Amino acid sequence: MPRVGGVYSLPASSLGVSGQTIESAKYNGVIQDFESDANAARPVVAGGTGGTTKAAAHSGLGIDERFAVGDLTTLKALTAGLYSNVYMEGRASAGDGGAGWFIWRSGDQSTNVTNDANNGVWVPPDSDNTGASGAWERADNIVTAKMFGATGDGTTDDLAAMNKAVAWLNAADKRTLVLTDGTYQLSGDIDAITGADKSMVHVGAHAAELRVSTSVTDGKIIKIGDGGSTATARVVIQGIDMELEETTGTSGAAITVDGANDIMIRDVRVLEIASLVRIGETDSCARLTMENIKGTFNGASNGNIIHVEKATGCRFKDLHITDTLNSTGSMVHIVPTDLCDTFWFEDMHVWTSGYSDYGVYIDIAAGDCVNVWFDDCVFDKSEVSGYHLVANSGANEARNHYFTNTRWDTAGGGNAIRVIENSAGACIIRGLNFLNCNLTYRDDEAVRITTAGSGYLGGVSFISCDFQEASSVTINAAVEIGCDDWQVVGCKFGYAEDTFSSHTTYAVKTTADVANYVVASNEIKCPANVIQHFAYASDSGNRLVYGNTGETVDEPFAERLSGQKVIFYHGGELTIATGAVTVTHSSHGIDTESDAASDDLDTINGGIDGMRLILRAQSSARTVVVKDGTGNINLVGGADFSLDNSHDRIELVYDGVQTGWFELSRSDISA
């Protein structure tokens, strides 16, 4: 039977007719066609598939040539290339989380198979375990840890499977590893995530928890970067819970970031951790963001919630951590071994029913720490200091530290803020700014700032802060400062609760001969004096105390403004020495050198621009002649003025531009 265009058609007069002889020769073609079809199949085109093979015929008919297997063992046992698509119902058994579609990839796939030793994505056939003659590739858009053998049952050790999954994640850039619901028990640290554009995320209705067992001391659950050996950047960790079961180590951490840049960690919950994150312990990191972190801190480990050594451009937002135990660690611990620059801490709340040694601890002995912002943060119950900045050695710098809307609540005898410059080198601490902060203090000063080194400490501001006393012992001062260049302005000093009695003697106390400061417009709600001054020894520096109000206001200072009144505080007697005196206040008695009957006053040292000065005779038995034009004193009409009894007065003002004193008025009053 001949074919036309591959389609059979009957020869003319082929069908039999009753009573008529059939010629057999015309059927020779049909017999020959049968022979050809038996030996070499020919395509069926019209009304058929157009295929010459089973696969082609299935394709032509729209039949998906796919096959289902129960597990990985069965998939590997399939004849290589027999099927193009296979569905595996589970890795070990159906429904264990390892299910997915696989596509046969012909050609040499040995590199892919080698990089996926646990056959999570690439599966070679048993006939060639190297994958050199082809392998199955997982076709799923989502690759999960369970595809590499992790169980997530909370009992089985999933460490080996997790490391195989991370090895696949690291083998190429732009990969995502998914943790589905479950608890992944780990007997050790997971290998570090390295490379670029990597993600480890949770997908599921419940939670995915990575739990390191009690047998591991100082465990690190997720490690990002390997200390700079492999370039690592643009890594995302999202939605994963983490737990450290051991309680004895001090450097264990939920996450470490070391030698990695552009890291995002968000929507994470941590349980009983020694540290939330340790950053830059070997190599510097840049542009790390952590946000929406919740959980509990294992205070018994005495670790640090956030530990930083080398990093720039880090942001921590919406961190809420609770601690039910006592800890000798820090909530934020920055100990630069290289530059630490530009940190933001926003909405970070750390609560404890016990205590921790430090809220924020910064030590610049080995590196700089500059440009740090804390906004809307709470550091609860610090035993030593809420904010502790120290420079005991080196020649490094701490600069531009800003705290706004931040609260410290000390525990026991700690300071809310403690700053120490005690370096033998040239350490610099400057630009410490506290705005709208709340400092609750117990049994010790709220603020103690001291310097005994050879560096510089200054530029400290407390603006609109609330100092609340909750003490049971006498405290000399709420703020104790021993450096130059600072201000306490618009603050409130009072009780934490109405039931407390005041134990604070001074709102502010200077502990050294300091200068260039302002204590102004503060409200004293407890019976404390405004300021206690160290006995001045120097001649220079601006010291301004004014506008402070409260139950008791005692401002023993050169000049105080109170409402509409200008009050000049008397600084005691000054004795002329070689025609000169040095003033320390705005009012003084003047006496002659060696109690001589008369002595000339030519020069007055210690003036600052705009300072007013009232002088009187210390004794009516001796005469002090204030000389015009001999030194730096300029009198009206060029006339000298004699202070010859204790009722006489002369008022002068200092002009810093002309570096001299100019007479405002004189009073020659007989005794």
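The values are calculated or read from the model by the stated rules, or taken from the named source; none is laboratory data. Just so you know, these numbers come straight off a predicted model, no measurement behind them. Counting neighbours? That spans all protein chains shown, and the Cβs are built from the backbone with ideal geometry, glycine included. Accessible surface areas use protein heavy atoms only, side chains included; no ligands, DNA or RNA. Shrake-Rupley method; radii C 1.70, N 1.55, O 1.52, S 1.80 Å.
One residue is enough: does the stretch 445-459 have a residue meeting the conditions assigned to a strand (DSSP E or B), at pLDDT 90 or above, open to solvent by less than 10 Å² (accessible area, probe 1.4 Å) and within 22 Å of Glu523 (Cβ to Cβ)? Checked against the condition, which is being assigned to a strand (DSSP E or B), at pLDDT 90 or above, open to solvent by less than 10 Å² (accessible area, probe 1.4 Å) and within 22 Å of Glu523 (Cβ to Cβ), the stretch 445-459 yields at least one hit. Would you please name the residue that is nearest to Leu544 (Cα to Cα), looking only at residues in the stretch 638-662 that are modelled with pLDDT of 90 or more and of a type in the set (Gly, Ala, Ser)? Step by step, filter the stretch 638-662, then rank; the result is Gly660.
Meeting the requirement of 1 or more residues that are touching a His at 6+ places or on another chain (Cβ under 8 Å), among the aliphatic types (A, V, I, L, M) and open to solvent by less than 10 Å² (accessible area, probe 1.4 Å), the strands (runs of 3 or more DSSP E) wholly within the stretch 235-295 are 253-257, 277-279.
Checked against (1) open to solvent by 10 Å² or more (accessible area, probe 1.4 Å); (2) more than 30 Å from Glu245 (Cα to Cα), Thr176 meets all criteria but (2). When the strands (runs of 3 or more DSSP E) confined to the stretch 330-425 are screened for residues that are under 23 Å from Ala512 (Cβ atoms), open to solvent by 20 Å² or more (accessible area, probe 1.4 Å) and of a type in the set (A, V, I, L, M, F, W, C), those reaching at least 1 such residues are found at 378-391, 415-421. Note on the stretch 161-173: residues that are buried (at least 21 other Cβ atoms within 10 Å of the Cβ) and either aromatic (Phe, Trp, Tyr) or within 18 Å of Ser213 (Cα to Cα) (or both) amount to 3. For beta carbons closer than 7 Å, sequence separation of 6+ or different chains, a first residue in the stretch 613-624 that is closer than 8 Å to Leu643 by Cα and a second that is among the polar types (S, T, N, Q) and part of a strand (DSSP E or B), the qualifying pairs are Thr623/Ser598; Thr623/Ser642.
Might you check whether a residue that is closer than 27 Å to Asp191 by Cα and in a strand (DSSP E or B) occurs anywhere in the stretch 75-91? No, the stretch 75-91 contains no residue that is closer than 27 Å to Asp191 by Cα and in a strand (DSSP E or B).
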